[in-house]
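Asks: Quick one: the structure is below, questions incoming.
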Amino acid sequence: MSSEPPPGSGQQPPEDDPFRKQPPPAGGSGSPYNTPPPSYGGPPTGGDPYGGGSYPSDPLAGMPPLASSGRRTLARIIDLILVGIVVWLITWGFGVSEYDVDSDKVQYGKPLAQSLVAALIYIAYDTVMTARSGQTLGKKWLGMRVANLDNGSTPSVQTNLVRAAVLWIPFAFCCACIWTAISGGWSYFDKPYKQGLHDKAAKTVVVSTG
């Protein structure tokens with residue numbers, strides 16, 4: 001049984017993760033530019049977790065550019081439509097309807113069963129897809145991926161589960177439109193990492209892939 005820590009746990013990501021941040025290249029000996037300048041009380045720098053140098057205190061150093069909030073919103077809409085079709089087919093197949101219709105009136109009643117199915121499917125979709133490559137279908141088609149803020153690697157299953165739960169449980173059970181607007185829309189105003197509330201909970205960012 002392997003003792004290596006999972007990616008996204010704050011420790012070293014696996015060697016074969018193509019998305020992790022790479023340490024700065026070591027310069028040749030004898031160059032006057034290899035010697036770091038003296039410190040005069042400037043901003044601190046973080047240690048390189050992989051050895052061989054140090055990264056700037058900005059955790060985004062070495063990562064691709066952050067994805068725009070507009071593209072993130074469009075990717076989320078695509079995912080909502082795709083998974084929403086699956087949720088509708090499953091609930092329809094089991095006779096769980098959002099509307100109860102009789103000859104006199106239409107009664108709106110969102111059953112607990114339908115909310116539970118929706119939450120489970122959305123969370124499973126986001127968790128599994130993002131743990132594999134950092135991308136849902138919407139993100140893949142629009143050229144972006146989810147990355148750990150600390151090292152740029154693909155988030156672990158545990159990290160993605162937290163991220164998905166924060167986004168989808170309120171969406172499914174109480175305030176779909178309002179919570180989606182708040183959680184996802186937070187990235188439009190967040191500085192400097194453009195994080196949604198679910199990103200903040202999981203310590204992730206969304207970056208461009210092209």
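The values are calculated or read from the model by the stated rules, or taken from the named source; none is laboratory data. None of these values were measured; they are calculated from a predicted model. Quick reminder, even Gly has a Cβ in these numbers, built from the backbone with ideal geometry, and neighbours come from all protein chains shown. Quick note on the areas: whole protein, heavy atoms, side chains included, nothing else; ligands and nucleic acids left out. Shrake-Rupley method; radii C 1.70, N 1.55, O 1.52, S 1.80 Å.
Asks: Rank these residues by their accessible area, most exposed first, probe 1.4 Å: 194, 203. Show your work: numbers first, answer last.
Replies: Numbers: 194 70, 203 140 Å².
Accessible-area ranking of 194, 203, largest first: 203, 194.
Asks: Tell me the label-point distance for the pair residue 61, residue 86, using the 7 Å Cα-to-Cβ offset, in nm and rounded to one decimal.
Replies: Modelled inter-label distance: 4.0 nm.
Asks: So what are the radius of gyration and Dmax for the Cα set of segment 128-193, in Å?
Replies: Rg, Dmax (Cα atoms, Å): 12.6, 34.
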